[in-house]
Each structure stands twice: as structure tokens, then as C-alpha cells.
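What follows is a set of notes on a single structure, which appears directly below.
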Amino acid sequence: MKIAVIGTGYVGLVTGTCFAETGNTVTCVDIDEEKVKKLQSGIVTIYEPGLEVLFERNIQQGRLRFTTDLAEGVKGAKVIFLALPTPPDEDGSADLKYILQVAEQLGPLLEDYTVVVDKSTVPVGTAELVHERIARNAKVEFDVVSNPEFLREGVAVEDFMKPERVVVGTRSERARKIMEQLYAPMVRQGNPILFMDERSAEMTKYAANAFLATKITFMNEIANLCERVGANVDEVRRGIGTDSRIGKRFLFAGIGYGGSCFPKDVQALAKTAEENGYNFRILKAVMQVNQEQKTKLIPALKEFFGGSLQGKRIAIWGLSFKPYTDDVREAPSLENIKVLLNEGAIVKAYDPEAMENVKKILGNQIEYAESPYGALVNADALMIMTEWPVFRTPDFEVVEQLLKNKAIFDGRNLYEPRQMAELGFHYVSIGRMKVA
Ligand code: NAD
């Protein structure tokens, strides 16, 4: 099948590459000329495990191409995916300008029946808006389908090739058949393609992300309470996670969720509720708790230094919002760095993949290390922001030698408090009592 993917970011590039891998001919379109030039010259523009191999293979075999020209990109495409940004507007609602602008441009370009697919996360009712925009200038029949994406950055290729489910919102039999054909290779093991109406599909994506954000936040609140009552959140997590109604995943306490999805999607769903006269109280609490959770370690850090961070050198391990990605959008690390710099601290950070993206935001406001240990040289304390595996089993003798104080503030609960106490570290983590 001939496919076009408009927007070649995290979702678009994975979508395009994976559909090429299953034998389709894919053209990816992006307005970012620099990005397209890189992709055309064989450079993968995001860090995503497993993507490069598929990317190279499909370019070589002529099934995957890149262009900045929308008309050229969609020519002859039977299915056009919109994988465009939907960032928060000033009032928190999802900004649809990218989607609607492209929809408007698509109308006159369609030459035959086409399925236009919303892959971006968009508020309920967007499929109808997109339909209306295309229809303004279209001369052929088309359908607009909602097909929200559930891939997780870091395991995006695996998630896309073997999704737990595919959600397709359409009431058109014709579009349904095409979507079924396209996704058939991905659901060979029997995972379902769930067909539903467009509005329910759009809501499903927000409900999923809001639920997951709530689960994380609930556990963070349990952790905060554990600290006050002398319980250990890790034990509590194991205690409740074995209950299949609760499940083991998304129960790890820490310094909150970030990323390009949860924060904006929770906010957008709350806004949808507000616009429809519904007071979605849980979501408001989730947003508030998460915001506070991100910088939860700062008071303990300040206390350790007698109330002031002025001139203190703080090492940071981990900048991405989670491991296995270079994405730093809404990352707790950035929030912490902002506070540290405001308080007069000097920051030296290390991340296996995300330093280039942080450099684009912070430039030389902070220092960058070439290795985890490099960040520790002459540092007054270490803060851990992301649970990259490389941070899990450091040589604590080396850590001790390099740090000026044996102090670790761990936002991801990587180490055992008892072991850290035995090694003589001042160790602060989330939801676990400090062992003296
Ligand atoms: P992104 O910012 O990485 O990529 C968007 C791309 O669209 C950029 O490359 C940008 O240059 C391009 N673009 C903007 N305007 C354009 C235009 N007019 N024509 C062509 N290209 C244009 O965003 P993303 O993370 O891939 O997210 C895209 C959508 O998918 C969002 O709605 C997001 O909520 C949703 N989503 C993201 C993830 C994720 O993990 N990142 C997961 C599921 C859903």
C-alpha cells in the first residue's frame, strides 16, 4: 500500500519506518528542512532502540522516503497519517493548529478515495473538524479515521510492531477494511484491533494516559505518606502489585512523570471536562501533586547544606524524562536544574543520550560530563533524576572518592537505603525512611 506520514517526529518516524518494514511504500513529510535533510542522508533523528536497523533497510530497499513537499509526499497515497504535534495551548487545551492547517492543505491534493488518519493525540470531536477542513477543497471521497498511538518512547518499535491493541475509530466500512489490512501484520498473534466510533477512539487515548498518570501519582502520594509514618514504599508496592486487579507496573515511586504526553494530555482532558461543564477533580489533583513531586528532593538537599545551595556543585545523573530516550520534554531534571541554578548552585550533568537536547535548551548554563563519574568530580552532592541502567550499580568506592560529601539524593530509588547506610552515605530517596 502507498502511505504518507505527515510529521516525522517520534511518532511519525516510527510509524513510517514500521509500515515500510511490513512492505508498504512510505513517504514521510516534515516542514523541518534540517530534519528532512538528515533523514534523507541516512541519519536517524531520534534515539529509539531498534529503529536504525529498520530505517536503513527500508531506505535501501526504496520503501521509505522523506520530503518537505506535502503535495509530492501524499501523491498516490491511499492512507495519509497525521503525526503532527498537539502541544498545549495557553489555556491547557490541545492546540490543533498544526493538524487543521495540514487538513486544509490536503483537500485539493487528494486525487482518489483516501483514508486520512489522526495518529496525533487529539481532543474528542477532532476527526469531525479535520473532515470539515479537508472537505472545504476536496473533489474526491475520503474518510477521516481516529487511530491514536500508544507506543512508549524507548520501546517504540516493539510497541508499534506488536501492539497490545490497535484502536481504530471509524464508522466507514471502506476505511475499516483498509485499516484492517494495514495493521494485519502487527496483530498476527491475536492481539485485537478494536473498532469503535471516532469520538470513543479519541477519548480512549486520553483516558489511557490520564489513568497511567493517576496511577503513578497515587503511588507517589502513598510514598509521601510512607515517609511520614515510617513505612517503605517498595514493600508496599510489592504488597499491592501482586494483586492482579492492581498489577505490578506503573507503581514505582519517584520524582513524578514528565515527557511529551502525560503532562499535556492530562491537562487537555481536564480542559475538555471543563469545557463540557464537568469538574474532573482527580485530574486536577494529579497535576498539582505531580508538579510538587518533581522538586521534592530540593528541601532535603538544602537542609543538608544548612539551608543554602549558593556555590554548591551538584552532580546530576539522568536528564531524559525516562530511560532509553533522548526526550527531555517536561523532564523533572529540567525543573530541578532550574531551581538549583536559581538558588546559586553549579550543575554538572551526565545522561547517556539526552545531553544534546538539553544543550539546545540550557546551553552553557550547566556543565556536561562525558561519563557518570565525570559528573562527580569535586561535586558536593549527587542527584539522580532518571533510572538509566548505567546508574544502578556504580562502584561506590569511586563515587566516594570523587564526591566531596558522601551525599546522594535519589529521585528514582535506585539503591537500598540499608546498603547506603552501611557504606556511610547520606542517602535520601522517595517513600523510604533514611536508615541511620
Ligand atoms: P514531535 O514533535 O516529535 O514530531 C512532530 C513533527 O511534526 C515535527 O518533526 C515537526 O517538525 C512536524 N511538523 C509540524 N508541523 C508540520 C507540518 N505542517 N507539516 C509537516 N510536518 C510538520 O511529536 P511526537 O512526539 O511525534 O507527537 C506527535 C503526536 O503524537 C502528538 O499529538 C503526541 O501527543 C502523540 N503521541 C506521542 C507519543 C510519544 O511518545 N512521543 C506517543 C503517542 C502519541
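The values are calculated or read from the model by the stated rules, or taken from the named source; none is laboratory data. Fair warning: this is a prediction, and the values are worked out from it, not measured in the lab. Using ideal geometry, Cβ is built from the backbone for each residue, glycine included, and neighbour counts are taken over all protein chains shown.
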Practice item. Could you grab me the full set of residues in region 318-338 that are part of a helix (DSSP H, G or I) and surrounded by fewer than 24 Cβ atoms within 10 Å (Cβ to Cβ)? Key: 334, 335, 338
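Out of all the residues in region 19-26, is one or more more than 10 Å from the ligand (Cβ to nearest atom), crowded, with 23+ Cβ neighbours inside 10 Å, more than 18 Å from the chain's Cα centre (by Cα) and not in a helix (DSSP H, G or I)? Give the derivation first.
Step one: filter region 19-26 for residues more than 10 Å from the ligand (Cβ to nearest atom), giving 19-26.
Applying the additional criterion that residues be crowded, with 23+ Cβ neighbours inside 10 Å yields 19-20, 26.
Right, trim to more than 18 Å from the chain's Cα centre (by Cα) and you get 19-20, 26.
Now restrict to residues that are not in a helix (DSSP H, G or I): 26.
Yes, region 19-26 contains at least one residue that is more than 10 Å from the ligand (Cβ to nearest atom), crowded, with 23+ Cβ neighbours inside 10 Å, more than 18 Å from the chain's Cα centre (by Cα) and not in a helix (DSSP H, G or I).
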Check your understanding: Within region 336-346, is there a residue that is more than 16 Å from residue 301 (Cα to Cα) and hydrophobic (A, V, I, L, M, F, W, C)?
Key -> no
Revision key, fill the gap. Residue set 47, 98, 113; condition within 10 Å of the ligand (Cβ to nearest atom) and either within 21 Å of residue 179 (Cα to Cα) or not assigned by TED's automatic domain parsing to the domain that holds residue 330 (or both); output residue 98
Revision key, fill the gap. Residues of region 60-82 being touching a strand residue (DSSP E or B) at 6+ places or on another chain (Cβ under 8 Å) and either aliphatic (A, V, I, L, M) or part of a helix (DSSP H, G or I) (or both), in sequence order, are 64, 70, 72, 73, 74, 77, 79, 80, 82
Practice item. Mind counting the residues in region 265-283 that are touching a helix residue (DSSP H, G or I) at 6+ places or on another chain (Cβ under 9 Å) and not hydrophobic (A, V, I, L, M, F, W, C)? Key: 5
Revision key, fill the gap. In region 356-372, anything surrounded by 10 or more Cβ atoms within 10 Å (Cβ to Cβ) and either in contact with a strand residue (DSSP E or B) (Cβ under 8 Å, 6 or more places away or on another chain) or under 19 Å from residue 345 (Cα atoms) (or both) is listed as 358, 359, 361, 362, 365, 366, 367, 368, 369, 371, 372
Study note, to complete from the structure: Sole miss for residue 29 among (1) farther than 16 Å from residue 119 by Cβ; (2) without any contact (Cβ under 8 Å) to a residue 60 or more places away in the chain; (3) of a type in the set (A, V, I, L, M, F, W, C) is condition (1)
Exercise for review: Determine if region 83-97 includes at least one residue that is without any contact (Cβ under 8 Å) to a residue 24 or more places away in the chain, under 24 Å from residue 143 (Cβ atoms) and of a type in the set (D, E, K, R).
Suggested key: yes
